[in-house]
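A short write-up of the structure that comes next.
Read the figures in this text as sums done on the coordinates, not as results from a lab. Note that the structure is a prediction, hence the values are computed from the model and not measured. Cβ placement follows ideal geometry from the backbone for every residue including glycine, while neighbour counts extend to all protein chains displayed.
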Amino acid sequence: MTNTIYTVITFAPVQGFIEKSRKLRDLYGSSYLLSYLSWVICTAVEKHGCKVISPATPNITQGMPNQIIIKGDFPEENAKLVFLTAWKCVTETCREWIEDNANGELVTDNDKGEWKYTFWKRSWDLWTKYAWEFFWVQGTSDISDVREKLNEKKRPRDWTGINWQGESSTLSGVDAIAYPKLGQISAPRNYNYQDEKKSVTVFYQILSKKLGESFIDPKEELSIPELIKRMITYESVSLKLIERLRTVFGRNHLNIEELIKEIAQISKDLKPSSFKDLNRHKEDNQAENQTQPDRGFQGWFQGDGDKAGDYLKKYPEKTHAFSKKMRNWGKWFKNRPFRMGRVIYAGGDDFLGVFYDKDDSEEKLEPRYCVNWLSDFKSKIWHENKTSEDEQKEITVSVGFVWAFPGIPQRDVLQHCRLAEKSAKNNGRDRIAFRILFNNGNHLEWVCPWWLLEAGLLSSYRDRDKNESKSKQNWTHIYNDVAVLESRHAFDDDGLGVALGLLEIYFPEYVDKIQDKKKQLHQTEADLTKTDSGILGECKIYYKENSQELDENKVNKALTSWIINLAKVGFHLCQQ
């Protein structure tokens, strides 16, 4: 009896590729490209006679995870070839479109003449070959062991950096600005910054005229991968890509019609007008804020299922069914009506979305709207209002939410979104981290388990002014109280008594629950699908050093900080 062969494939970077995005269009472009690369591999796997176990439902092209689990022997050379071919189709399509459509003159003190794209082709070739790390492993045991082999292979990274001469992108700061003379080699002593700056400026002005300012601002200076993410959502570019895919993959008889439909649809869906209000470009925000000071406030959320890997390690036979359930949920969530925002991507248990003021709506986005929408996220969205345990997800979910002030670059917002999600996981999982991000880079954060949020903690706030209407929550009083008490060091040492006193005044209905030690922490190995998560997280976070004994002083300090942060974050998100 022969053992079953399992093949697991993945590629990187993913998070960094998504985060280096200035406009929402870049996020869609990067999310789409990641799904596209995974989808092409899955299609080639099926053509080879193997079975894709995860991701399930490959006909859903959007939100494809970048880890592919295959039942059967799918050779590494085949996998890498189809992957690099798919990416080459994208890079060559974008490069050729620019060369064919963006013509002009490079006018500098030392160089006058028509644009020649001779120099930059080498740089595009390097990005075609070395933009991604590709990982492939095989095994004949079970899926969990093969996945572990993949993790082992990923630890010693095999990464090739691309060096350049000249100035770096204004978006990421780590890659060269793409323009016709990129890659031209000259002696450092002959390098003229002003000449290069003039050439770059002219190039992006011409490119902006061709594509439109909603696609590329004439003041932007993008690297090759940043330019690719932006251009792939432009309709005439996507049509060129479709032609190339039919030519290249048609020879291999791969059925790519579903992918082609998706490519054609995405450029139609991403109408330039629908992204104007979401541009976080610094110059645009400054001009906008002169007449509309509040314009540009946005709420971003990023989430991920908890311990999905542990679940699949425990039940490897459920990998396909679990993947199918999560992929279908991702499709449902992506298409769910969203009155004041949109979901950027939902690749199963991994998702990203944004709240913002829509141009076609008279309603102004308030942070309270975001809080209300997220308060019952776990029951209404994650579990889709399903009450039966058989229908609910087998794992819990952690979410990071960032309320971003105007003028903050989108890449910074995305980084804080990821950090907020990480904070929710590090504080015990099965919860949400609310983060306020100010223009100076400082932030406030408060982390709360879903069950306490859904029980109505924030809406239960009662002001100490008895004449104040109960329907109008004035969080100014608790915020000021905390500020005064902090200035007098009332929370130093054992300040829990003072903090609990604030709870008794402003949250009288929840004092007993929050004081209950059984509700403050949960056991490290607790199944959070069957029991409530602790307010402060799991026990091991609060163990004494080199011990499994609980440090009561550490718990008291954490609870004091939790109450203080509740007051501060609540003031910014719930004040009416």
Handout entry: Flagged links, alpha-carbon separation over 31 Å, of 71/129; 47/530; 71/540; 393/554; 51/313
Key = 47/530; 71/540; 393/554
Completion exercise
For residue 153, the aspartates and glutamates lying under 15 Å Cα to Cα, once residues fewer than eight places off in the same chain are dropped, come out as 76, 133, 145
Handout entry: Cα-projected label distance for residue 99 with residue 462, points at 7 Å along beta-carbon direction, nm
Key = 7.3
Practice task
Enumerate the calculated ³J(HN,Hα) couplings along the range 66-73 in order (Karplus 6.51 cos²θ - 1.76 cosθ + 1.60, θ = phi - 60°), each rounded to whole Hz, writing x wherever the residue is Gly or Pro.
Solution key: 8, 9, 10, 9, 10, 9, x, 9
Fill in the blank from the handout: Out of 473, 507, 564 - ranked by how far each Cα lies towards the positive end of the dipole of the range 456-576, with unit charges on the beta-carbon of charged residues - the top one is 473
Practice task
Quote to one decimal, in nm, the extra length available between residue 152 and residue 126 on full extension: 0.36 nm per residue of separation minus the C-alpha distance between them.
Solution key: 6.7 nm
Handout entry: Summed side-chain charge close to residue 394 - residues other than residue 394 whose Cβ falls under 15 Å, Lys, Arg +1, Asp, Glu -1
Key = +1
Handout entry: Calculated [θ] (222 nm, deg cm²/dmol) that DSSP helices of n ≥ 4 give over the chain, each run adding -39,500 (n - 2.57)
Key = -13500 deg cm²/dmol
Practice task
With a Förster radius of 25 Å, plug the Cβ-Cβ distance of residue 332 and residue 561 into 1/(1 + (r/R0)^6) and report the FRET value to the nearest 0.05.
Solution key: 0.10
Completion exercise
Plugging the Cβ-Cβ distance of residue 76 and residue 545 into 1/(1 + (r/R0)^6) at R0 = 41 Å yields, to the nearest 0.05, a FRET efficiency of 0.35
Exercise for the section: Treat each spin label as a single point 7 Å out from the Cα along the C-beta direction, and report the residue 392 to residue 438 distance in nm. Expected result: 3.9
Exercise for the section: Please report 498, 82 as a ranked list, fewest other C-beta atoms within 10 angstrom at the top and most at the bottom. Expected result: 498, 82
Fill in the blank from the handout: The local net charge around residue 385, scoring Lys/Arg +1 and Asp/Glu -1 for residues other than residue 385 whose Cβ lies under 10 Å from its Cβ, equals -1
Exercise for the section: Using label points projected 7 Å from each Cα along Cα→Cβ, tell me how many nm separate residue 84 and residue 505, to one decimal. Expected result: 6.7
Problem - Amide hydrogen neighbours beyond the local backbone of residue 120, cut-off 5 Å, H modeled - result: 182
Fill in the blank from the handout: Spelling it out for residue 534: with amide H atoms placed in the peptide plane at 1.01 Å from N, the residues 5 or more places away or on another chain with amide H under 5 Å from its amide H are 522
Completion exercise
The set of residues whose placed amide H lies less than 5 Å from the amide H of residue 169, leaving out same-chain residues fewer than 5 positions away, is 174, 175, 176, 177
Practice task
Under 10 Å from the Cβ of residue 95, count the other residues' Cβ atoms, weight Lys and Arg +1, Asp and Glu -1, and hand me the total.
Solution key: -4
